[in-house]
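S.K.: Mind having a look at this structure? Questions to follow.
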Amino acid sequence: MMSLRPRLIVLVFAIPIFAAAIIGGFMERATAGEDTYRHLRIFEDVVSLISRNYVEEVDLDSVMSGALRGLSEGLDSDSSYIAREDVERLESGRPLPVGSVGLDVTRGYYVQIISVADASPAAEAGILSGDYIRAIDGAPTRFMSGIEGARLLRGQPGSAVTVSLIRGNTQEPYDIELVRQRLSEPGVSSRLLSDAIGYVRIGGFNPGISTDISSAINILLEDGAKTLILDVRNNATGIFDEGISAARLFLGDGTVGIRAESDDQQISFTSETGDAAIEEPLLLLTNFGTSGPAEVFAAALVERERANSVGQRTAGRTSQQKLIRLPDGTGLWLSWARYLRPSGEPLHRVGVEPTIAVAIRQTELGEPLPTGDSILEDALEHLASRL
């Protein structure tokens, strides 16, 4: 085994190199020079102080892992230091097992639930977007990446997983056993809510979703719908390009969204006059589970004043990640781009505030959820007041 002193030397040199790559590449370029070196000197001082003053022998493997986690956690909730197993899976393109409980998660001190899929085991158990998972099958999530959390939640259909949940000011976690199922890919469903109001549920922005949205709306219009409600609550999956393509169905000439990349490049996505195939009045339903491509979609329609939104603020997760493999087989899952509003204002970390906010009564874990759908009910009252 490497002695303490040589390992400390390795740590002293390894951490500054890694920190320089992260800080230099992802912090503001204007101040990276002096600030970077100041932080690196602090890193070196801390390691030296630990080596001279800590009461027990230092486990430098744990110290290094903690330092790497800390650096990545300081960026955003989806940037992570990830284990070898997850690096190998991502590099190979090997999919996760098909058994799912219907949760999309990220890191937020513990693993945090962003969205809950419709008709999934998690939805039937009353789990909500915004809940925290403190442990998965007894494994604490405090130092777990969202990538690892998603992997542990998956398994073979019919197998069970126990999640220890925290909601609001809960002091003790609440354990729920969920049985994994093979879930359908989230898509589009629609129905008439009245003679003049059509409702379209968009569960995810997967390939081809724009065609499905257009087809569903055309059927509603043929059946007499004059106003449309688009429900993108708990929509956290899919492809950003699909969210932009779907927004073009409703927007004329102008900017739909902007992607800002780590090399300071910005790419604007636009729509043209002929793209607006659907001209009927719109109302959006959003909540914290509205994330990623769904937020780009919602921000485009709301900021371009094509639609009002009813519900809750969206998640503020509009970044894209890439894998950087480290020499020891672990890796960094780093955000290399983020999407902005059509105006160029931030969307990542900020989210989309609803035009009409709806307060949701929070229930304790284990209690039945309120009956009815208060967000949809408020949307219908809003439409009725305009008639």
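The values are calculated or read from the model by the stated rules, or taken from the named source; none is laboratory data. Given the structure is predicted, the values throughout are model-derived calculations rather than measurements. Cβ: placed from backbone, ideal geometry, glycine included. Neighbour counts: every protein chain shown. What goes into the accessible areas is simple: the full protein's heavy atoms, side chains included, and nothing from ligands, DNA or RNA. Shrake-Rupley method; radii C 1.70, N 1.55, O 1.52, S 1.80 Å.
S.K.: Given the conditions (1) touching a helix residue (DSSP H, G or I) at 6+ places or on another chain (Cβ under 8 Å); (2) farther than 23 Å from L380 by Cα; (3) modelled with pLDDT of 95 or more; (4) of a type in the set (G, A, S), and given that S262 satisfies all but one, which numbered condition is not satisfied?
M.R.: (3)
S.K.: Still on this structure, please answer the following. Restricting to the range 84-133, give me the number of residues that are in contact with a Lys or Arg (Cβ under 9 Å, 6 or more places away or on another chain), open to solvent by less than 40 Å² (accessible area, probe 1.4 Å) and part of a helix (DSSP H, G or I).
M.R.: 4
S.K.: Residues being among the β-branched types (V, I, T) and touching a Pro at 6+ places or on another chain (Cβ under 9 Å): count how many of those fall in the range 271-309.
M.R.: 2
S.K.: Do you know which of the residues in the range 45-65 that are free of Cβ contacts under 8 Å to residues at least 12 places away in the same chain and either among the aliphatic types (A, V, I, L, M) or part of a helix (DSSP H, G or I) (or both) is most open to solvent (accessible area, probe 1.4 Å)?
M.R.: Among them, the one singled out is R52.
S.K.: Just to be sure I understand, how many residues within the range 211-229 are open to solvent by 20 Å² or more (accessible area, probe 1.4 Å), of a type outside the set (D, E, K, R) and within 25 Å of D241 (Cα to Cα)?
M.R.: 5
S.K.: Among the residues of the range 319-344, which ones are assigned to a loop (DSSP other than H, G, I, E, B) and open to solvent by 60 Å² or more (accessible area, probe 1.4 Å)?
M.R.: P327, D328, S343
S.K.: Return yes when G316 is at positive phi, at pLDDT 95 or above, surrounded by 15 or more Cβ atoms within 10 Å (Cβ to Cβ) and in a loop (DSSP other than H, G, I, E, B) and no when it is not.
M.R.: yes
S.K.: Looking only at the range 345-387, which residues are farther than 30 Å from Q266 by Cβ, open to solvent by 80 Å² or more (accessible area, probe 1.4 Å) and acidic (D, E)?
M.R.: Listed by number, the residues that qualify are E364, E367, E377, E381.
S.K.: Something else now. What pairs come out if I take residues in the range 239-258 that are farther than 20 Å from G203 by Cβ and pair them with residues that are open to solvent by less than 10 Å² (accessible area, probe 1.4 Å) and in a helix (DSSP H, G or I) whose C-beta lies under 6 Å away, six or more apart or interchain?
M.R.: V256/I244; V256/A247; V256/A300; G257/I244; G257/V296; G257/A300
S.K.: Among the numbered conditions (1) in contact with a strand residue (DSSP E or B) (Cβ under 9 Å, 6 or more places away or on another chain); (2) open to solvent by less than 60 Å² (accessible area, probe 1.4 Å); (3) not in a strand (DSSP E or B), tell me where Y81 comes up short.
M.R.: Going through the list (1) in contact with a strand residue (DSSP E or B) (Cβ under 9 Å, 6 or more places away or on another chain); (2) open to solvent by less than 60 Å² (accessible area, probe 1.4 Å); (3) not in a strand (DSSP E or B), Y81 breaks only (3).
S.K.: Further, regarding this structure: If I ask for residues that are modelled with pLDDT of 95 or more and acidic (D, E), which ones from the range 185-208 would you list?
M.R.: Listed by number, the list is empty, since nothing qualifies.
S.K.: Over 21 Å from the mean Cα position of the chain (by Cα) and open to solvent by 60 Å² or more (accessible area, probe 1.4 Å): does that describe I176?
M.R.: Against the criterion (over 21 Å from the mean Cα position of the chain (by Cα) and open to solvent by 60 Å² or more (accessible area, probe 1.4 Å)), I176 does not qualify.
S.K.: Can you give me the number of residues within the range 263-279 that are surrounded by 14 or more Cβ atoms within 10 Å (Cβ to Cβ) and either in contact with an Asp or Glu (Cβ under 6 Å, 6 or more places away or on another chain) or in contact (Cβ under 8 Å) with a residue 24 or more places away in the chain (or both)?
M.R.: 5
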